[in-house]
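Inspection log for the structure reproduced underneath, given as structure tokens.
The values are calculated or read from the model by the stated rules, or taken from the named source; none is laboratory data. Owing to the predicted nature of the structure, the values given are computational and were not obtained by experimental measurement. Every residue, glycine among them, receives a Cβ derived from its backbone with ideal geometry; neighbour counts consider all protein chains shown.
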Amino acid sequence: MKKLKVFLPALFLTTVLLAQQTSLSFKMEELTSPKFAKAVDLAGGVCVIPLGIIEKHGPHLPLGSDLYESREVAFHAAEKEYAVIFPPYFVGQIFEATHQPGAIAYSNELMWKMLEETCKELSRNGLKKIILLNGHGGNGSFLQYFCQSQLAKQQDYVVVMFRPGNDPVNGPEIKSLKKAKLDGHAGEEETSMMYYINPALVDQEALKNESGLDQDRLSKLPFGYTGIWWYAKYPNHFASDVNTPNKRLGELLITSDAGQLAELIKFLKKDNTIQQLQEEFFKKTHD
Ligand SMILES: [Zn+2]
């Protein structure tokens with residue numbers, strides 16, 4: 001009994017701490033201000049911004065599909081490795097969908113400022129390791145340029161774009177489940193992910209209304225890139241041949257990315273190499 005008396009306070013404290021930790025939501029918008037301060041500590045200063053967009057996703061998926069998909073990946077990752085997940089973020093590059101109903105395309109200046117100031121505000125709140133989790137194909141060049149531009153001026157935070165890679169565990173099953181030969185925007189993978197997240201949001205009937213096939217209307221352009229390339233190929237803003245939702249495929253795609261994102265979160269929590277290299281770089285820049 002004596003021993004118990006000695007160990008009880010420690011055990012009690014551990015239990016309370018664990019309870020406090022597990023009661024902390026990883027969704028920033030759900031946290032109270034005092035709990036947010038605890039969440040910043042528990043996350044080791046790591047915040048994930050899942051970036052989506054509001055745009056047409058074929059005739060059958062919701063406008064916010066990229067938002068649902070990137071956030072679902074972030075939620076699964078944060079369950080494995082705690083990080084603060086930024087609220088729904090849908091400001092990004094989407095000029096190529098403005099001919100279709102439902103696109104919300106902000107100006108270049110605004111999309112840049114929104115992301116820059118969001119990062120600064122996160123840093124001011126102690127979240128100095130920021131992961132950009134891109135759910136929208138059209139954001140790729142913008143986000144990479146945003147990361148490159150972090151070297152233009154010294155900041156007290158770091159920005160890392162999540163880049164999923166090969167998954168030797170889930171990859172073979174993912175490959176075996178896929179039926180489509182053409183699988184791009186709003187295609188088999190996205191349809192399956194949305195079906196896994198919420199099947200009620202997939203309008204399978206509408207699929208027969210539009211073609212997602214490549215119309216290849218700029219095939220004569222030699223050795224050139226132009227902004228209208230996407231519209232030339234996919235004017236319906238839909239790139240897909242076979243598109244039957246597969247819940248298991250959707251689940252695997254999300255959990256596979258989430259596993260890799262959790263690894264990135266874990267690494268950034270413990271490792272300060274990026275900060276150190278940036279400091280070294282800027283010291284040399286200003287010498
Ligand atoms: Zn999408």
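Summary table
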{"read-out": "Set S65, S33, S70: member being polar (S, T, N, Q) and either over 19 Å from the mean Cα position of the chain (by Cα) or away from the ligand (no atom under 14 Å from the Cβ) (or both)", "value": "S33"}
{"read-out": "Where K56 falls short, out of the listed (1) among the basic types (K, R); (2) touching a helix residue (DSSP H, G or I) at 6+ places or on another chain (Cβ under 7 Å); (3) away from the ligand (no atom under 12 Å from the Cβ)", "value": "(3)"}
{"read-out": "Verdict on Q144 being crowded, with 17+ Cβ neighbours inside 10 Å, more than 16 Å from the ligand (Cβ to nearest atom), assigned to a helix (DSSP H, G or I) and of a type in the set (S, T, N, Q)", "value": "no"}
{"read-out": "Filtered residues of region 168-182 (kept if closer than 11 Å to D241 by Cβ and loosely packed, with under 14 Cβ neighbours inside 10 Å)", "value": "K179, K181"}
{"read-out": "Test: G135 is of a type in the set (G, A, S), within 16 Å of the ligand (Cβ to nearest atom) and exposed (fewer than 15 other Cβ atoms within 10 Å of the Cβ)", "value": "no"}
{"read-out": "Residue match in region 192-202 (condition: more than 20 Å from the chain's Cα centre (by Cα), within 15 Å of the ligand (Cβ to nearest atom) and in contact (Cβ under 8 Å) with a residue 60 or more places away in the chain)", "value": "yes"}
{"read-out": "Positions within region 206-233 being part of a helix (DSSP H, G or I), free of Cβ contacts under 8 Å to residues at least 24 places away in the same chain and not aromatic (F, W, Y), in sequence order", "value": "K208, A232, K233"}
{"read-out": "Any helices (runs of 4 or more DSSP H) falling wholly within region 20-135 and containing at least 3 residues that are modelled with pLDDT of 95 or more, among the small types (G, A, S) and farther than 29 Å from A200 by Cβ", "value": "33-42"}
{"read-out": "Qualifying residue in region 231-238 (condition: surrounded by 14 or more Cβ atoms within 10 Å (Cβ to Cβ), within 20 Å of P199 (Cα to Cα) and not basic (K, R))", "value": "yes"}
{"read-out": "Selection status of P88, closer than 22 Å to A258 by Cα and surrounded by fewer than 17 Cβ atoms within 10 Å (Cβ to Cβ)", "value": "yes"}
{"read-out": "Residues of region 244-287 classified as under 23 Å from the mean Cα position of the chain (by Cα) and assigned to a loop (DSSP other than H, G, I, E, B), total", "value": "4"}
{"read-out": "Exclusive hit being farther than 23 Å from D66 by Cβ and surrounded by 13 or more Cβ atoms within 10 Å (Cβ to Cβ), set L218, L201", "value": "L218"}
{"read-out": "Residues within region 147-167 that are surrounded by 15 or more Cβ atoms within 10 Å (Cβ to Cβ) and either in contact with a His (Cβ under 9 Å, 6 or more places away or on another chain) or within 23 Å of E280 (Cβ to Cβ) (or both), tallied", "value": "7"}
{"read-out": "Unmet requirement for N236, which otherwise passes all of (1) under 18 Å from S176 (Cα atoms); (2) part of a loop (DSSP other than H, G, I, E, B)", "value": "(1)"}
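Residue by residue, here is whether (1) at pLDDT 95 or above; (2) touching a helix residue (DSSP H, G or I) at 6+ places or on another chain (Cβ under 6 Å) holds:
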{"site": "P168", "(1), (2)": "yes, no"}
{"site": "I174", "(1), (2)": "yes, yes"}
{"site": "L177", "(1), (2)": "yes, yes"}
{"site": "H185", "(1), (2)": "yes, no"}
{"site": "Y196", "(1), (2)": "yes, yes"}
{"site": "L201", "(1), (2)": "yes, yes"}
{"site": "K208", "(1), (2)": "no, no"}
